[in-house]
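The values are calculated or read from the model by the stated rules, or taken from the named source; none is laboratory data. In this text, all values refer to a predicted model and were calculated from it rather than measured experimentally. Here the Cβ positions follow ideal geometry from the backbone for every residue, glycine too, while neighbour counts run over all protein chains shown.
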Amino acid sequence: MIVPVTVYCVDNPDDTMSVYTMIDEQSDVCFVTNHVLQTLNVPSHSIEVKLSTVLGEELIQCMKASGLIVRGTKE
């Protein structure tokens with residue numbers, strides 16, 4: 001299911017961004033683009049993540065952020 005949401009950094013709740021997200025009820029994390037992190041000035045640091053698919057496994061570089069709030073919108 002793809003739905004519109006509003007995201008913001010807990011340190012700056014007045015600076016929001018509207019984006020679309022794909023809901024996965026079995027996930028406990030969310031992934032966002034670097035554009036969202038940079039636009040909202042969310043503190044982050046580089047990490048490696050192991051991506052496993054039916055074609056194999058791969059280590060990929062990405063950013064880990066804390067303090068990002070995702071809330072539903074009324075549309």
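Which residue out of THR73, THR16 is polar (S, T, N, Q) and touching a Pro at 6+ places or on another chain (Cβ under 8 Å)? Write out each step before concluding.
Numbers: THR16 fails: touching a Pro at 6+ places or on another chain (Cβ under 8 Å).
Exactly one residue qualifies, and that residue is THR73.
Would you please name the residue that is modelled with the lowest pLDDT, looking only at residues in region 1-35 that are part of a loop (DSSP other than H, G, I, E, B) and of a type in the set (D, E, K, R)? Can you show your working first?
Our first condition is that a residue be part of a loop (DSSP other than H, G, I, E, B); within region 1-35, this holds for 1, 10-11, 23-33.
Filter once more, keeping what is of a type in the set (D, E, K, R): 11, 24-25, 28.
On the way: ASP11: 91, ASP24: 84, GLU25: 85, ASP28: 79.
Step by step, filter region 1-35, then rank; the result is ASP28.
Matching residues to (1) under 13 Å from VAL19 (Cβ atoms); (2) in contact (Cβ under 8 Å) with a residue 60 or more places away in the chain; (3) loosely packed, with under 10 Cβ neighbours inside 10 Å; (4) not hydrophobic (A, V, I, L, M, F, W, C):
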residue: VAL36; (1), (2), (3), (4): yes, no, no, no
residue: VAL49; (1), (2), (3), (4): no, no, no, no
residue: THR53; (1), (2), (3), (4): no, no, yes, yes
residue: GLU58; (1), (2), (3), (4): no, no, no, yes
residue: SER66; (1), (2), (3), (4): no, no, no, yes
residue: THR73; (1), (2), (3), (4): yes, yes, no, yes
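If the requirement is being at negative phi, touching a residue at least 12 places away in the same chain (Cβ under 8 Å) and in contact with a Gly (Cβ under 9 Å, 6 or more places away or on another chain), which of these qualifies: VAL32, VAL19, VAL3?
Working: VAL32 fails: in contact with a Gly (Cβ under 9 Å, 6 or more places away or on another chain); VAL19 fails: in contact with a Gly (Cβ under 9 Å, 6 or more places away or on another chain).
Matching residue, one of VAL32, VAL19, VAL3: VAL3.
Conditions: (1) among the β-branched types (Val, Ile, Thr); (2) in contact (Cβ under 8 Å) with a residue 24 or more places away in the chain; (3) exposed (fewer than 10 other Cβ atoms within 10 Å of the Cβ). VAL42 meets all but one. Number of the miss?
(3)
Applying the selection to region 12-30, what residues are over 21 Å from LYS74 (Cα atoms) and surrounded by fewer than 12 Cβ atoms within 10 Å (Cβ to Cβ)? Break it down into steps so the answer makes sense when it comes.
Just the residues of region 12-30 that are over 21 Å from LYS74 (Cα atoms), to begin with: 12, 26-29.
Within region 12-30, GLN26, SER27, ASP28, VAL29 meet the criteria.
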